[in-house]
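Heads up: the structure comes next, in structure tokens.
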Amino acid sequence: MAKQVSNTDYDLEKPLETKVGLRQGLPSYGDPHFSLFLRKVFIKALGYSEDALSRPIIGIVNTYSSFNPCHANIPPIIDAVKRGVQVNGGLAIDFPTISIHEAFSSPTSMYLRNLMSMDTEEMIKAQPCDAVILIGGCDKTTVAQLMGGISANKPILHIVTGPMMPGSHKGVRIGACTDCRNNWAKYRAGTIDIEDISAVNEELAPTTGTCGVMGTASTMACVLVALGMMPFAGATAPAVSSSRLRIAEQTGKNAVAACEQRDRLRPQNLLTKESFLNAITVLQAIGGSTNVVVHLMAIVGRHPKLAGTITIDTIDEIGRRTPLLVDLKPSGNNYMTDFHNSGGMLGLLLELKHLLYLDAMTVTGQTLRQELANATLPIVPRELSVIQPFSEPLCPASSLVVLRGNLAPGGAVMKASASKYKHLLQHTGRAVVFANSSDMAERIDDPDLEVTKDSVLVLQNIGPVGNPGMPESGMIPIPRKLGSQGVLDMIRLSDGRMSGTAGGTIVLHISPEAADPSSVLGIVQTGDIITCDVEKRLLQLNVSDEEISRRQEERVKELQGTDAPWLARDDMRGYRGLYMREVKQAQFGADFKFLTAEGPSAK
Ligand code: FES
């Protein structure tokens, strides 16, 4: 390994090479030799030798937080990553960034995703790292890390904390968080009692790690593998397994090797359109989280060569030729540990091989084709595998669909594979409208609410601006009076998100959002008739164009002079103001305009 720092660093007659190792990104004192001298003064306080400081520096992003149980195993992962770096001749230095957990981020974790991406980008840029290992796991963390990593454009390698193990209640396996929602719905409907729900609460997250179903965290982990940013088993090895630590060690080794071909492996060079098409194929084949549609748009939007070339319609197009192959909750019945034991992402990618762009590059410097050729798939008896053969899919195509129509001119997303009653995929019904989350909470269980199982529940004002952070309230609860009659699913519409672990016939991310005074979603009224036709990809408000225009004009007048979020955002301070003024609509990833590749730098 070439030494990158030596005492000739202090030779004032020689210009400093400042592109690699400890010498890169020196603070500005107007005298680079002094800047390096000073840097070495301080790092030696930690006991480093000149030999150690001469190695390629691998930054390790540490997102451990006692408020983030999904990341509780980060300390042993860091130890293993460091071992991999150091036995292969690098110097591993870890540093913290923001950590975000779903249950501990108010108003929502999504509100903080872009902030974390800015933190990640700026710390990667500011510190002397030749390559960076990003340790994330919980839903928004891996997304923020990839967004920031693409913008920083140094070689990045991902490792996730991995899925938690399932728990058990009365002999039935349960796990966060599909079963959190199922059991809570049963409790609301009165089919289980307070003792049961309390016992279930103890077992839903029995170990550290990310939610053990195909929620957003697991989906993103699979997407990272498909993008070539993480080893195959990295997506599925349980958080508490020794495999995960070996994958971490391997990641450390890969990071040192990446320094030898850093330009080729910078994310803006490594990630191509084909990499993203592979990721979308995997997203559809696993019945992945709807949230990842938004996240992928934000990630692509950071890439100067790809921004605008992949849209939500690309997701729908790829879905039409991609079958659902993985039988995991919430679309199916199993858990991430079952996926891992069935061969995990290696098994899935081999099934999908003819749909993939195999010449896409991975962080090892090898193509996906080479990586697949070098890997060995464990033999799993067919009846024990949760990965279906390509010829026997769980659903022939279109796990995730994109709907359009006068109600969603910018698009809306539905996980059709998670619909409980398939007849709802072609349905016309009477709207029952809730103006916002508190209105819904107040009225949803009102015994006098005029609602039937054929109604269409509409929730307004939970979009990116209307309810900052676009909360996961899109899975509107079934009104208790219908739940107690055994109704498990209804068509529900909103401009918000739902947890990737949730299921039902639920239309999300309607764009433009209701808070936009010109939106159609914002003028829907109880009693209007709405058609949702998945086959036709249609979301239609059956009200005349004239009436829609009349209501829109009236609404614009009504909002004038009020503190409606869309109008009041220019007067907001701090991060809240930045978020409200800069956030884009869901169809564009809900990133901040000034961070995207089509933002200010493009001009
Ligand atoms: Fe962290 Fe589900 S709450 S992954």
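Of the GluC sites (Glu not before Pro) in segment 493-572, the ones in a loop by DSSP (not H, G, I, E or B) with at most 14 other beta carbons within 10 Å are E535.
Stretching E442 away from S391 to a fully extended chain increases their span by 13.6 nm, per 0.36 nm per residue minus the current alpha-carbon distance. When the charge dipole of the chain is built from unit charges on Cβ atoms (+1 for Lys and Arg, -1 for Asp and Glu) and taken about the Cα centre, the candidate among L26, M116, V556 whose Cα reaches farthest toward its positive end is L26.
Our coupling estimate for segment 178-189, obtained by passing each phi through the Karplus curve with A = 6.51, B = -1.76, C = 1.60 and θ = phi - 60°, is 4, 6, 4, 6, 4, 5, 5, 5, 5, 5, 4, 7 Hz, Gly and Pro reported as x.
Here is the link list: K19/K40; K44/K253; K44/K154; K186/K481; K453/K481; K415/K536. Which ones come out longer than 18 Å on Cα distance? Cα-Cα > 18 Å for K44/K253; K44/K154; rest within. The length gained on full extension between S243 and A103, counted as 0.36 nm times the residue separation minus their Cα-Cα distance, comes to 47.7 nm. Averaging 1/r over every pair of different alpha carbons in the chain and inverting the result gives a Kirkwood radius of 25.0 Å.
Qualifying chymotrypsin sites (Phe, Trp or Tyr not before Pro) in segment 25-120, where qualification requires a DSSP coil assignment and no more than 12 other C-beta atoms within 10 Å, comprise Y29, F67. Taken one residue at a time, the phi angles of segment 131-140 give Karplus couplings (6.51, -1.76, 1.60, θ = phi - 60°) of 8, 9, 9, 9, 9, x, x, 4, 2, 7 Hz. Gly and Pro are set to x.
For K420, the residues whose amide H sits under 5 Å from its own are G504, T505, ignoring neighbours fewer than 5 places away on the same chain, with H placed 1.01 Å from N. One chain, two ends: S49 and K481. Fully extended at 0.36 nm per residue, the span grows by 148.5 nm beyond their Cα-Cα distance. Beta bridges assigned by DSSP with both partners in segment 403-532 are antiparallel in approximately 45 percent of cases.
Between segment 16-35 and segment 571-588, the alpha-carbon centres lie 36 Å apart. Around the amide H of L324, modelled in the peptide plane, lie the amide H atoms of L394, C395, A397, all under 5 Å away and 5 or more residues distant in sequence or on another chain. For the chain, the dipole from Cβ point charges (+1 on Lys and Arg, -1 on Asp and Glu) about the Cα centre works out to 1180 debye, to the nearest 20. A simple count of charges around A255, restricted to other residues whose Cβ falls under 14 Å of its Cβ and scoring Lys, Arg +1 and Asp, Glu -1, yields +3. Note on K593: lysines with a C-alpha under 18 Å away, same-chain residues under 8 apart excluded, are K305, K584, K603.
Annotation for F42 and T311: the two label points, set 7 Å from Cα along the Cα-Cβ direction, are 4.7 nm apart. Computing FRET efficiency as 1/(1 + (r/R0)^6) for T376 and F67, where r is the C-beta to C-beta distance and R0 is 35 Å, gives about 0.35. Note on T141, T219, T367: ascending count of other Cβ atoms within 10 Å places them as T367, T219, T141, the fewest first.
A simple spin-label model places the labels of D11 and K422 7.5 nm from each other, with each point 7 Å out along Cα-to-Cβ. Go through L328, L12, S168 and say which Cα lies farthest out towards the positive end of the charge dipole of the chain; charges sit on Cβ, +1 for Lys and Arg, -1 for Asp and Glu. The residue sitting farthest along the positive end of the dipole is L12.
Less than 5 angstrom separates the built amide H of T207 from those of M165, all sequence-distant by 5 or more or on a different chain.
Take the Cβ atoms of D570 and S198, set R0 to 41 Å, and the FRET efficiency comes out at 0.30. For the chain, adding -39500 (n - 2.57) for each run of n ≥ 4 DSSP H residues and dividing by the number of residues yields -10000 deg cm²/dmol at 222 nm. Among beta bridges identified by DSSP and lying wholly in the chain, the antiparallel ones come to about 45 percent. If you take every DSSP beta bridge whose two residues both sit in segment 375-468, what share of them, in percent to the nearest 5, is antiparallel? So the antiparallel bridges in segment 375-468 amount to around 50 percent. Dipole of the chain computed with +1 at Lys/Arg Cβ and -1 at Asp/Glu Cβ about the Cα centre; of L424, Q261, A221, farthest Cα towards the positive end is Q261. For the pair segment 135-153 / segment 243-291, the C-alpha centres are spaced 12 Å from each other. Computed from phi, the 3J(HN,Hα) profile of segment 206-217 under the Karplus parametrisation 6.51, -1.76, 1.60 (θ = phi - 60°) reads x, 9, 5, x, 8, 3, x, 10, 8, x, 5, 5 Hz, with x in place of Gly and Pro.
Laboratory data are not the source of any read-out in this text; all were calculated from the coordinates shown. Predicted model, so just to flag it, every value in this text is computed and none were measured. Quick reminder, even Gly has a Cβ in these numbers, built from the backbone with ideal geometry, and neighbours come from all protein chains shown.
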